[in-house]
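Take a look at the structure set out below.
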Amino acid sequence: MDFFLIAVIVLGSIGLIAAIVLYVCSKKFAVYEDPRIQQVNALLAGANCGGCGFAGCGGLAEALVKGADKGNIDGLNCPVGGVDTMTRVADLLGMAIANGESKIAVVRCSGSCDKRVKTAEYVGLHTCAAMHACGAGETGCGYGCLGCGDCIDACPFDAIHMNPDTNLPEVDEQKCTACGSCVKACPRTIIELRKKGVKGRRVFVSCVNKDKGAVAIKSCKAACIGCGKCTKACQFDAITQGNNVSYIDANKCRLCRKCVEACPTKAIHAVNFPERKSDVPVSVEQPEKTTLS
């Protein structure tokens, strides 16, 4: 009987000492977490897409709370949730945010099957990353879309699909959240996040070919040849030339579309604009001929 009593006392003492040690350690090494982090995380989209620049929504929530403590959360944004989500977060943190413009993914390549001649056949891992690592791809353009669909696989919102006729990816404007996953997946940086624009209207150069004009147009009929006609046509200093290709600054562009008309290769695209009204020829009635006798 004494043996069992001693065993119980010893085990109870060990348990009591362990409990005291654990309690002391929990107090001494406790890590405080601001309860606002969980509250902000609950307001975010929860997509964990990384479009905000953090590994997930938890990282963004922590950065927002720290930014609020410093009095500035500018530059921190949830692209999936958009302005509405960020407004709710700002209200929770007692901050104000600048009205951000909605963005959308834009595929800057027009090298469809009929405009780019196939010069080789690739046999290997069917990914854009693998094909790009092997060289120029199956066409003479070393800058254009490779058509393997890495961007499609990367999109968590099913917002980008391959057009079977052109073999180019197309973005679904209703589904795209501008998370940037497709931008990161493209090995040739063809996809760009641009301002969505008023009524979804935007103008951009759909080419990233850095070859000189003669070489670029030989490999793709829709290539920008760096002629500078668009730059001369723009009255708002929105177009710049660099590495033999033009680029339109969405912040300066006033959507006048004069550059679209000036481009000889139709490399500049205008999206979601109404069709221009064509000049209807006015018929002039001819006077009836009279026969003189």
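Computed over the chain, relative contact order equals 14 percent, with contacts defined as Cα pairs under 8 Å that lie 6+ residues apart. Going from the residue with the fewest nearby Cβ atoms within 10 Å to the one with the most, 269, 126 rank 126, 269. Each Lys or Arg adds one and each Asp or Glu subtracts one; over the other residues with Cβ under 9 Å from the Cβ of residue 103, this totals +2.
How would 122, 23, 32, 143 line up from fewest to most surrounding beta-carbon atoms within 10 angstrom?
32, 23, 122, 143
Here 229, 103 are placed in order of increasing Cβ neighbour count within 10 Å, fewest first, which gives 229, 103. Amide H contacts under 5 Å for residue 103: 196, restricted to partners 5 or more places along the chain or on a different chain, H placed in the peptide plane at 1.01 Å from N. For the residue pairs 218/266; 66/103; 175/229; 118/266; 115/210, alpha carbon separations beyond 24 Å are given by 66/103; 175/229. Once you reduce segment 51-104 and segment 163-178 to the center of their Cα atoms, the two points are 27 Å from each other.
Summing +1 for each Lys or Arg and -1 for each Asp or Glu among the other residues whose beta-carbon sits under 9 angstrom from that of residue 220 gives +4. For residue 199 and residue 31, a Förster radius of 51 Å and the Cβ-Cβ distance give a FRET efficiency of 0.55, rounded to the nearest 0.05.
If Lys and Arg each add +1 and Asp and Glu each add -1, what is the summed charge of the other residues whose beta carbon sits under 13 Å from the beta carbon of residue 82?
Within the 13 Å Cβ shell, the charges total +1.
If only the Cβ of Lys and Arg carry +1 and only the Cβ of Asp and Glu carry -1, the dipole of segment 35-93 around its Cα centre is close to 100 debye. Remark on residue 168: its backbone amide H falls under 5 Å from those of 163, a criterion applied only to residues 5 or more positions apart or on other chains, H modelled at 1.01 Å from N. Rounded to the nearest 20, the size of the Cβ-charge dipole of segment 103-271 about its Cα centre is 900 debye, with Lys and Arg at +1 and Asp and Glu at -1.
Helix 57-70 and the longest principal axis of the C-alpha atoms of the chain enclose an angle of approximately 80°. Mean sequence separation of contacting Cα pairs (under 8 Å, at least six apart), scaled by the length of segment 103-271, corresponds to a relative contact order of 24 percent. Computed 3J(HN,Hα) for segment 211-218, one whole-Hz value per residue from the Karplus formula 6.51 cos²θ - 1.76 cosθ + 1.60 where θ = phi - 60°, is 6, 5, x, 5, 5, 5, 6, 6, glycine and proline marked x. Rounded to the nearest 10 degrees, the inclination of helix 82-93 to the longest alpha-carbon principal axis of the chain is 30 degrees.
Residue-wise HN-Hα couplings along segment 178-183, as the Karplus relation 6.51 cos²θ - 1.76 cosθ + 1.60 with θ = phi - 60° gives them from phi, are 6, 6, x, 5, 5, 5 Hz; Gly and Pro carry x. Stretching the chain fully between residue 3 and residue 215 yields a gain of 66.8 nm (0.36 nm per residue, less the alpha carbon separation).
The simple spin-label model puts a point 7 Å past each Cα toward its Cβ; for residue 88 and residue 261 those points are separated by 4.6 nm. Per-residue Karplus couplings for segment 152-160, computed as 6.51 cos²θ - 1.76 cosθ + 1.60 with θ equal to phi - 60°, are listed in order as 5, 5, 7, 6, x, 10, 6, 9, 9 Hz, Gly and Pro entered as x. Between residue 127 and residue 251, the simple spin-label model (points 7 angstrom out along Cα→Cβ) gives 3.5 nm. Rounded, prolate or oblate: which one fits segment 48-205, using the alpha carbon gyration tensor with axes a ≥ b ≥ c (rounded when a/c is under 1.5, else prolate when a/b beats b/c, else oblate)? Since a/c reaches 1.5 and a/b is larger than b/c, the shape of segment 48-205 is classed as prolate.
Ordering 234-247, 2-15, 215-228 by mean Cβ neighbour count within 10 Å, with the highest value first, yields 215-228, 234-247, 2-15. The overall shape of segment 35-93 is rounded: from the C-alpha gyration tensor, with semi-axes ordered a ≥ b ≥ c, the ratio a/c is less than 1.5. Which of the listed residues, 119, 233, 182, is farthest toward the dipole's positive end in segment 103-271, when Lys, Arg count +1 and Asp, Glu count -1 at the beta-carbon? Result: 233, furthest along the dipole toward the positive end. The dipole here belongs to the chain: it is taken about the Cα centre, uses +1 on the Cβ of Lys and Arg and -1 on the Cβ of Asp and Glu, and is about 1160 debye.
Computed from the coordinates by the stated procedures, all read-outs in this text should not be read as laboratory data. Note that the coordinates shown come from a computational prediction; the quantities given were computed from them, not determined experimentally. A quick note on method: Cβ atoms are made from the backbone with ideal geometry, for glycine too, and the neighbour counts reach across all protein chains shown.
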